[in-house]
1. What lysines sit close enough to LYS113 to cross-link, taking a C-alpha to C-alpha distance under 21 Å and skipping anything fewer than 8 places away on the same chain?
2. Stretched out fully, how many nm does the piece from SER553 to ASN168 gain, at 0.36 nm a residue minus the Cα gap?
3. When ligands, DNA and RNA are left out and all protein chains stay put, how many square angstrom of accessible area per residue does the chain have with a 1.4 Å probe?
4. What ranking do 172-178, 216-222, 493-499 get when scored by the average of other Cβ atoms within 10 Å per residue, highest first?
5. Go through the stretch 409-449 and name the trypsin sites (Lys or Arg not before Pro) that are in a DSSP coil and have 15 or fewer other Cβ atoms within 10 Å of their Cβ.
6. Given charges of +1 on the Cβ of Lys and Arg and -1 on the Cβ of Asp and Glu, with all other atoms neutral, how large is the dipole of the chain about its Cα centre, in debye to the nearest 20?
7. In the set [x] 29.8; [y] 31.8; [z] 38.4, which value of mean projected area of the Cα convex hull in nm² was calculated from the structure you see?
8. Could you give the angle, 0 to 90 degrees to the nearest 10, between helix 181-190's Cα long axis and the longest principal axis of the Cα atoms of the chain?
Amino acid sequence: MESDEVRVPKVIENNDKVVISWIDPYITDLDKIQVTDMQTNQIILVNKGIQKAEFPLPNFDANAYRYELKVLKTTGEVSNGIITRLIMNWAQHIHPQIDYNSKEIPQSGMFFKNKPVDKVLVYDIRQDDNISKLTSAIMQGVLNQEFARTYLIWQDQDLSQLKDAECNYELVTPISISKNKGFATLFNQFKDEFKYLIIWDENQPWSWSLAQMISSQEKGIPVTEELKTFIEKELGGIGNLVVNDIRDNWNSKEEAYQWALDNYATRCHPKLSFSGGLRNDYKDAPWRMYDYVAASKGFVFWLDESNGDDKRIMDNIFKTMNYPVGSSVFGYGMNANGDDLNTITNLHNCGFVVSDYYANGSFWCSYSNKSFQQRTGVPGEVQPGKIYVAISLSDGDNVQFDANSLYRIFKEGKGRGKVPVGVTLAAGLQELNPKLLEFYYKNKTDNDELTAGPSGFQFIYGDQFAQSGKYDEWINMNNKWLSTAGFHTAHLWRTDNRTYFEQYMEGSGVDAVLDGSDLTHNQSGSKIINNVVRINQGTHCRKEGDVYRDLMSLSPSERRPLFRHVYLLTNYYGFDGDKVVIYERLMRELQRIEEDCPNTYEFMLPMDLAASIKKYVEEGGIY
């Protein structure tokens, strides 16, 4: 329709510039568009058809920057003008942080620990063959069984994390050789500290599990036949190492694992086991957790719980090991849905610590356990006709996400702090990697909240763990770990049974549970239990546009406020190729929402949303 004003005005931030765009009006006497930066009063006149203007990003402490667009006609007449806003800070109420250092005694005793060194030796394996990286990781773990002497660079950020943690390190100069320089340097320097060369077979998947355990227990170096040949031809031979070829030692994987139980069960770590075989992508993307396997001497298996024969072997392993409550299974499941490892391990008192690409665990565990704290939720005033939203990043229960994707988002994410976002993390980091958890606390803004990923201290399926008969004991332990990690919000999955769900709510000790259950638990008794607010975890958003579609699917109510949580899938929504784009994407979506439905949505941290809901209900509101 004909109008004297510009159409569809939009403003975005792009590379530290403010970019305003629009569509020219349907009028014949249009001369120019006058665009005014209302912060500085700078004016730009734009000719017909250009439909874009740029300003420097203002350096003002403001939640929103305003820009006015007026139409100048050939007659000299000037239109009234339209104001569009660039919203730079979506938090409705900013609450200052507190000192993150806590006087509480941190939790301990559930993970392997060694002792720190004054200077760690660092070896660069980035350019090595992928199969040799597995061997380097096991060597690192054996060397780090007592002191955290060695560290591997798998990717660039492994070095930056040493710098972030202010660690004293020496980057060892690699030897001159055509390939596998990192492994070769490590081997030449430390081969005399090992006793055996363990030869395993890639075509016998269980042989890698056995090779890891034998190497851990007997100071061995696990190699393929090809890597053994490389050592003999390129590194001057195997020296005093005794060759132990395990390729034909057992007729079946059942026999192999029984041998390991007979020989090593009493010598393995009493609380740690590892689902750490060779997934089908190991040649292109080898797992990085193997150093922690070797350092801790945990029992290693690679079995599919959905396969009847494998399940029988797993039951035998866990019954023999007799792990206490709070014990952990590291790695990832062999089944297509790796999370379903919980369906058997939870029955044997073990929680899940997903960790396939978690590198240098045998180094980071050497630092002293540390407890943390953050402020509690602050209620805001909620009103009918408004929709109050919290947003969280996914996968923080997985320590490889904490050390990789989420770490990069926290370090590189442009715009972090302008949108209130909860970041899921593993409470076990206070013992497993206190330096990493401190990185998040040290660098968090007022608009960041650190929360527990599913299901708190460990990832479990509540319905499964309850069948162990030790669910109460796990919940009490979980409460303590969440408290000393400083978390007030926890995510919960696969606890569909209402009794077990309410048991979790009553004993969690947190203020909010973001429930990702397949059931809604919408009965009135399940919404606030023991002062803990249940919030539906909400839509899993993978790509730009998902947040907009989810939030715009809601219709505001004139009778009461509405509450919503959105879950961003970190590795999908957070990256464009290798570039961190999560906050830029999110702000574009929120800007679009504000343009299409102004003054309707307000954004809060999860703990503040929970506090607001609780206050609203206590004052008689319907939730």
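The values are calculated or read from the model by the stated rules, or taken from the named source; none is laboratory data. Note that this is a predicted model, so its numbers are computed, not measured. Cβ coordinates were reconstructed from backbone atoms using ideal geometry, including for glycine residues, and neighbour counts include every protein chain displayed. We work out accessible area using only protein heavy atoms, side chains counted, and drop any ligands, DNA or RNA first. Shrake-Rupley method; radii C 1.70, N 1.55, O 1.52, S 1.80 Å.
1. Qualifying lysines at Cα under 21 Å: LYS219, LYS271, LYS297, LYS370, LYS435, LYS480.
2. 133.4 nm
3. I get 40 Å² per residue for the chain.
4. The densest-packed peptide leads the list: 216-222, 493-499, 172-178.
5. Listed in order of number, the matching sites are LYS414.
6. 760 debye
7. Recomputing mean projected area of the Cα convex hull in nm² here gives the entry labelled [y].
8. Helix 181-190 and the main axis of the chain meet at about 40 degrees.
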